[in-house]
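S.K.: A single structure is presented below for examination.
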Amino acid sequence: VGAGNGTAAHPGVIRLNCSTSANSGYYIGSHSNSLLLGGSEEANIIFNIQTTTNTTIRLGFHTSTSSADAADGVYLEINGTTATGKTANNSSRSSTGTTGTLTISTWYRSKISMNSDATIATFTVYDDSGTVVWTDTLATNIPTARNTGIAICATNSGSGSALVLVDLDYMGISFGTLTRGGI
């Protein structure tokens with residue numbers, strides 16, 4: 001990871017790089033099995049794709065810490081410039097019926113939100129002005145009985161050159177109404 005390409009609108013940027021080895025990259029997030037999705041969770045991640053060839057980026061709620069796909073999760077997967085919403089429950093996966101096309105060197109915010117009983121996942125990508133670029137939903141293979149984490153994992157299947165894969169400006173999670181014994 002290295003210093004990023006910060007701007008006035010994106011001042012706290014870090015760069016996720018890969019090494020010269022195939023399937024290398026970077027992971028930033030919680031422990032991969034620290035969250036149990038129960039409803040009303042929301043993940044927001046602001047990112048800027050820097051390399052598209054052989055690059056896969058997974059962001060949101062997921063267990064992927066390497067180039068392998070997530071066994072469990074509700075996440076956005078970006079291959080090159082194609083964004084797909086995905087769910088995974090014990091390695092059974094579903095993908096959204098539509099995909100979004102993203103542009104290199106452009107800031108985006110992804111929002112992955114669960115409905116109140118975690119039966120529907122909504123995937124939305126916004127451009128830097130807040131305009132919706134793409135959105136879709138999934139209601140299958142949501143891992144409500146298996147833990148995930150919140151993370152961004154970027155890898156490159158090529159080899160030979162150390163590359164900047166993606167710039168990360170923000171990653172956050174919010175929870176809906178939780179009951180904690182009156183706290």
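The values are calculated or read from the model by the stated rules, or taken from the named source; none is laboratory data. A quick note: this is a predicted structure, and the numbers were derived from the prediction, not measured. For neighbour counting, all protein chains shown are included, and Cβ atoms are generated from backbone atoms with ideal geometry for every residue, glycine included. What goes into the accessible areas is simple: the full protein's heavy atoms, side chains included, and nothing from ligands, DNA or RNA. Shrake-Rupley method; radii C 1.70, N 1.55, O 1.52, S 1.80 Å.
S.K.: Computing the accessible area with a 1.4 Å probe over protein heavy atoms, can you report the carbon and sulfur percentage for the chain?
M.R.: 47 percent
S.K.: Using alpha carbons only, how many angstrom separate the centre of the range 74-111 from the centre of the range 1-46?
M.R.: If we compute the Cα centre of each part, the gap is 15 Å.
S.K.: Would you mind calculating the relative contact order of the chain from Cα pairs under 8 angstrom and at least 6 residues apart, reporting the percent as a whole number?
M.R.: Relative contact order here is 36 percent.
S.K.: Please work out how much length the chain gains when fully extended from residue 42 to residue 145, using 0.36 nm per residue of separation minus the C-alpha to C-alpha distance, in nm with one decimal.
M.R.: Length difference between fully extended and current span is 35.3 nm.
S.K.: Considering every Cα-Cα pair within the range 1-158, what fraction, in whole percent, is farther apart than 27 Å?
M.R.: More than 27 Å apart: 18 percent of the Cα pairs in the range 1-158.
S.K.: What does the highest-first list of 149-162, 12-25 look like by mean Cβ count within 10 Å?
M.R.: Answer by packing, highest mean first, reads 149-162, 12-25.
S.K.: How much accessible area per residue does the range 6-61 have, counting only protein heavy atoms and a probe of 1.4 Å, in square angstrom?
M.R.: Per-residue value: 41 Å².
S.K.: Also: At 1.4 Å probe size, with no ligands or nucleic acids counted, give the accessible surface of residue 140 in Å², nearest ten.
M.R.: Result for residue 140: roughly 70 Å² accessible.
S.K.: Only Cα pairs within less than 10 Å get springs; with that Gaussian network setup on the chain, which residue of 74, 164, 132 has the largest fluctuation?
M.R.: Largest GNM mean-square fluctuation: 132.
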